[in-house]
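Peer 1: Once you've had a glance at the structure underneath, I'll fire off some questions.
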Amino acid sequence: MNYSQLKQEVIEYSKTIGIDKIGFTTASPFNDLRNRLIRQRELNFQSGFEEKDIEKRTNPSLLMSGAQSIISIAVAYPSKMKNRTISKEGERRGIFSRASWGLDYHIVLRRRLEKLEEFIRDKVPEVRLKSMVDTGELADRAVAERAGIGWSGKNCAIITPEFGSYVYLGEMITSLPFEPDTPLEDQCGTCNKCIEACPTGALVAGGQINAQRCISFLTQTKEAIPEEFRNKIGNRLYGCDSCQTACPVNKGKDFHLHAEVEADPDIAKPLLQPLLSLSNRQFKEKFGHVSGAWRGKNPIQRNAVIALAHFKDQTALDDLIDILKHDPRPVMRETAAWAIGKIDGKNSRAALEEALEKETDEAVIFEINKVLS
């Protein structure tokens, strides 16, 4: 078989199914990545969401027998909303990060990878293929970097010359000996704007991130967010784009190429107070199709409380006091006590004292006492 011709056919076909960039690399182990991951683990810089087996993350042959090459794909997403909503007094809004504005990108990329698999199988029926998006074992960014999709920026994102870092990534391991593409040269140079822009100092060095300090990670946790980070979160409900918006390469990059990743403003930038009272069913009906909903409503509601404190929204005090007194979740009560203190601790003293009399959770008691003192 002429694999060079097949590769070109795959490239041409990819353009017809909504893949904006495609690259090829070998299925050889990612040895440099392996060493970096071991170091990340030693430093406790991992998020805990990633595949725990480093060998699986760095050796494609462990994931599919006969692996010879990997196809990396990128799909561009917008950096600006077409119809932006405005946050104003009494109607404060939170924000989901750009990667979560439209339909869950896992679905978006899997659909394209499935079509690509069908195309290749029609050409080579005996082929073996394994596709994955984000939740797979392989590190998407490492594959994309080696396949020439873009270079790995100091913000730990893949930066493409065409679309900046506003791209979703996915990959497919194949049993076909496709010729690998050439990786791009690092173009960050001496620029450190992303590192300087990180609100929590999570970017400890170019290309190295402490996930435990990353706002994107913190917004997805289910525990109470440490106080040192709460003021940094602002009105972010899910994710963080600070290191992307600070990147000079991303300046002016805004592509609206795929309808399914366009933002619905009322979902991407929802009103905060109505979020607080959503049931699980209501949350799933409204937000279930976006990637930012994968952890359920609890983190989003906790983040909404933090956002209301960020705005010092007096109109939210009744809702926050109700959470403090009646919400069964200690994390929500603790966060609400902190938020009340930020907004109007002095005039809410009676409500705080009343809640304290009935409170049994030590963390919540500590937070209320801190506000009262």
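Peer 1: Would you work out if the stretch 45-84 is rounded, prolate or oblate? Take a ≥ b ≥ c from the square roots of the eigenvalues of the alpha-carbon gyration tensor; rounded if a/c is under 1.5, else prolate when a/b is larger than b/c, oblate otherwise.
Peer 2: oblate
Peer 1: Related question: Let me check I've understood the local charge: for residue 67, count other residues with C-beta under 9 angstrom from its C-beta, Lys and Arg +1, Asp and Glu -1. What total comes out?
Peer 2: +2
Peer 1: Roughly how big is the chain's charge dipole about its Cα centre, with Cβ charges of +1 (Lys, Arg) and -1 (Asp, Glu), in debye to the nearest 20?
Peer 2: 340 debye
Peer 1: Using a 10 angstrom cutoff on alpha carbons, build the Gaussian network for the chain and name the most mobile of 90, 148, 239.
Peer 2: The residue that fluctuates most here is 90.
Peer 1: Additional query: Can you put 49, 287 in order, fewest other beta carbons within 10 Å first? Mind dumping the intermediate values first?
Peer 2: Values: 49 13, 287 22.
By the 10 Å Cβ count, ascending, the order reads 49, 287.
Peer 1: Cross-link list 325/346; 56/115; 130/232: which exceed 29 angstrom alpha carbon to alpha carbon?
Peer 2: Going by Cα-Cα distance, 130/232 fall outside the 29 Å limit.
Peer 1: Could you state the angle between the C-alpha long axis of helix 330-344 and the longest principal axis of the C-alpha atoms of the chain, as a value from 0 to 90 degrees rounded to the nearest 10?
Peer 2: 60 degrees
Peer 1: Dipole of the stretch 49-207, Cα-centred, from +1 at each Lys and Arg C-beta and -1 at each Asp and Glu C-beta, to the nearest 20 debye?
Peer 2: So the dipole magnitude of the stretch 49-207 works out to roughly 700 debye.
Peer 1: List 39, 110 from most exposed to least, where exposure is judged by having the fewest other Cβ atoms within 10 Å.
Peer 2: Fewest-to-most ranking of 39, 110: 39, 110.
Peer 1: Rounded, prolate or oblate: pick one for the stretch 290-373, where a ≥ b ≥ c are the square roots of the eigenvalues of its C-alpha gyration tensor, a/c under 1.5 means rounded, and failing that, prolate if a/b is larger than b/c, else oblate.
Peer 2: oblate
Peer 1: Past the 25 angstrom mark, what percentage of all C-alpha to C-alpha distances in the chain do you count? Spell out each step's value before the answer.
Peer 2: On the way: 40592 of 69378 pairs.
Cα-Cα pairs in the chain separated by more than 25 Å: 59 percent.
Peer 1: Next question, about the same structure. Can you list the aspartates and glutamates whose alpha carbon is less than 16 Å from that of residue 123, not counting same-chain residues fewer than 8 positions off?
Peer 2: Filter leaves 9, 12, 114.
Peer 1: A follow-up question, please. How far is helix 3-16 tilted, in degrees, relative to the longest principal axis of the Cα atoms in the chain, given as a value from 0 to 90 rounded to the nearest 10?
Peer 2: The answer is roughly 40 degrees.
Peer 1: Continuing with the same structure: With unit charges on the beta carbon (Lys/Arg positive, Asp/Glu negative), name the residue among 61, 267, 178 whose Cα is farthest towards the positive pole of the charge dipole of the chain.
Peer 2: About the Cα centre, the residue reaching furthest to the positive side is 267.
Peer 1: Taking only Cα atoms, what is the 0 to 90° angle, nearest 10, from helix 297-311's long axis to the longest principal axis of the chain?
Peer 2: For helix 297-311, the angle is close to 60 degrees.
Peer 1: Run through the stretch 122-207 and list the trypsin sites (Lys or Arg not before Pro) located in a DSSP loop whose Cβ has at most 16 other Cβ atoms within 10 Å.
Peer 2: Answer by residue number: 128.
Peer 1: Also, I was wondering about something else. Sort the stretch 1-150 into rounded, prolate or oblate with this rule: let a ≥ b ≥ c be the square roots of the eigenvalues of the Cα gyration tensor; rounded if a/c is under 1.5, and if a/c is not under 1.5, prolate when a/b is larger than b/c, oblate otherwise.
Peer 2: It is oblate, given that a/c is not under 1.5 and a/b is not larger than b/c.
Peer 1: Starting with the fewest neighbours, write out 365, 22 ranked by other beta-carbon atoms found within 10 Å of each beta-carbon.
Peer 2: 365, 22
A short reminder: the numbers here are calculations on the coordinates, not readings from a lab. This structure is a prediction, so every number in the text was calculated from the model and none was measured. Every residue, glycine among them, receives a Cβ derived from its backbone with ideal geometry; neighbour counts consider all protein chains shown.
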